[in-house]
Every structure is written in structure tokens, then in C-alpha cells.
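Each remark here refers to the structure printed beneath this line.
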Amino acid sequence: MMAMNGIVKNSGLIAGRHLTQISAQNLENYGNITADQLNFNITHRFYQQGGTLAANYFKFSG
């Protein structure tokens, strides 16, 4: 689980075997985020350019 008050910027790899959970105001993803389950709680802006999101289950809230 990753909780931030500002921006999470990923240009590499964020991986979890079962769960990857990110809570932030802003998420900018240029790399790869992967897990069996991805949970994103983004309150302002989600930006995806290139990179990949890979999961069997994906939950996005804001």
C-alpha cells in the first residue's frame, strides 16, 4: 500500500503479488504497475502515458 498527499510518479515498476494499492491526489504512470488486484484511490488527476496496468481485478475511485 502506498499513500501520498501529493503526486505519485512512476517510470519504473510497481509490483505486488496479490495487491497493489495506491492512494494519492495525483498519479502519473509512465512505467508498469502490476498485481492480481490493483486498487487506486486518486482524488484529483490520473495520467497514463505509455507503460502498462496489468491486473485480474482493477478498482478505481476518487
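Since every read-out is calculated from the coordinates, none of them should be taken as a lab result. Note that this is a predicted model, so its numbers are computed, not measured. Don't worry about glycine lacking a Cβ; one is built from the backbone with ideal geometry, like all the others, and counts go over all protein chains shown.
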Top-ranked residue in the range 47-62 [being among the small types (Gly, Ala, Ser) and not in a strand (DSSP E or B); ranked as farthest from Met2 (Cα to Cα)]
Gly50
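Matching residues to (1) outside any loop (DSSP other than H, G, I, E, B); (2) polar (S, T, N, Q); (3) at negative phi:
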position	(1), (2), (3)
Val8	yes, no, yes
Arg17	no, no, yes
Thr20	yes, yes, yes
Ser23	yes, yes, yes
Glu28	yes, no, yes
Leu38	yes, no, yes
Ile42	yes, no, yes
Arg45	yes, no, yes
Of Ala24, Ala15, the only residue that is in contact with a strand residue (DSSP E or B) (Cβ under 8 Å, 6 or more places away or on another chain) and surrounded by 15 or more Cβ atoms within 10 Å (Cβ to Cβ) is Ala24
List every residue pair whose Cβ atoms sit under 9 Å apart, with the two residues 6 or more apart in sequence or on different chains, where the first one lies in the range 32-61 and is surrounded by 13 or more Cβ atoms within 10 Å (Cβ to Cβ) and the second, anywhere, is basic (Lys, Arg).
Ala35/Arg17; Asp36/Arg17; Gln37/Lys59; Leu38/Lys59; Asn39/Lys59; Phe40/Lys59; Asn41/Lys59
